[in-house]
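**Student:** One structure coming up, written as structure tokens, with questions to follow.
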Amino acid sequence: MRYRKMPKNGDALSILGFGAMRLPSNPDGSIDEARAIAQIRTSIDAGVNYVDTAWPYHGGQSEPLLAKALADGYRERVKIATKLPSWMIATREDMDRYLNAQLEKLQTDSIDYYLLHALNGDTWDKLDGLGVAGFLDAALADGRIKNAGFSFHGRLESFKRIVDAYAWTFCQIQYNYLDQENQAGTEGLEYAAARDLGVIVMEPLR
């Protein structure tokens, strides 16, 4: 496995992460836990050390499944990334409520890489108005999260505005041969990188 360093914290992350959005499923749609756990652990044994999940994945069952996969010493070998469900947030208190629930679902004391999920200009403005910067500051200070970031699906000008709005460690963008000028695109990638944000890519093979 090859690794690259996060600019702001020096973490050496595997160039391939494991996404827990489309885990193997049973005929009834539930997660095939034995297969999913085996896949996650096999990837970690092969050198993957960044595992990505989120509140809504698999109808809310991805985070608990990941907790099971990371038992038996696997938790200490990876960085967990999960995401605040931005569209479900109506109050400042909601932010703490979801984060605390995610810590419980993941059976961990701290989330290594915490993202505001699927931001665009409007969702950022809503969260900003509800005090999300203060929430992130508090969660970093008390250790519930170790690094703050966001994932993005919107227009380039909104992406740049969000990058400049907070002291993020990283961001996640959709980027591939078809999306070099879509959403954040190459210009956004370079804009974030020039400000020392780590850039995680989703949908690299679209």
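The values are calculated or read from the model by the stated rules, or taken from the named source; none is laboratory data. As the structure is a computational prediction, the values presented were derived from the model and not from experiment. Here Cβ is always computed from backbone atoms with ideal geometry, including for glycine, and neighbour counts include all displayed protein chains. Surface accessibility is based on the protein's heavy atoms, side chains included, excluding ligands, DNA and RNA. Shrake-Rupley method; radii C 1.70, N 1.55, O 1.52, S 1.80 Å.
**Student:** Just the number, please: percent antiparallel of the DSSP beta bridges in segment 10-164, rounded to the nearest 5.
**Tutor:** Here the antiparallel bridges make up roughly 5 percent for segment 10-164.
**Student:** Another one. State the volume of the convex hull built on the alpha-carbon positions of segment 68-142, expressed per residue in Å³ and rounded to an integer.
**Tutor:** 90 Å³
**Student:** What is the Cα convex hull volume of segment 47-206 when expressed per residue in Å³?
**Tutor:** Once divided by residue count, the hull of segment 47-206 is 115 Å³.
**Student:** Which value, in nm² and rounded to one decimal, describes the direction-averaged projected area of the C-alpha convex hull of segment 112-202? Could you put the intermediate results ahead of the total?
**Tutor:** Values: hull surface 21.2 nm².
Seen from a random direction, the Cα hull of segment 112-202 projects 5.3 nm² on average.
**Student:** I've got another one for you. In segment 80-172, carbon and sulfur make up what percent of the accessible area (probe 1.4 Å)?
**Tutor:** The C+S portion of the solvent-accessible surface of segment 80-172 is 49 percent.
**Student:** A follow-up question, please. For the chain, what is the calculated [θ] at 222 nm in deg cm²/dmol (nearest 500), taking -39500 (n - 2.57) for each run of four or more DSSP H residues and dividing by its residue count? Present the calculation step by step, with values, prior to reporting the outcome.
**Tutor:** Working: 7 runs with 73 residues, N = 206.
Rounded to the nearest 500, it is -10500 deg cm²/dmol.
**Student:** Any idea what the dipole of the chain comes to, in debye rounded to 20, about its Cα centre with Lys/Arg Cβ at +1 and Asp/Glu Cβ at -1?
**Tutor:** Dipole size: approximately 400 debye.
**Student:** I've got another one for you. Which whole-number value in Å² is the accessible area per residue of the chain, probe 1.4 Å? Kindly include the intermediate steps, with their values, before the conclusion.
**Tutor:** Details: 9820 Å² over 206 residues.
Accessible area per residue: 48 Å².
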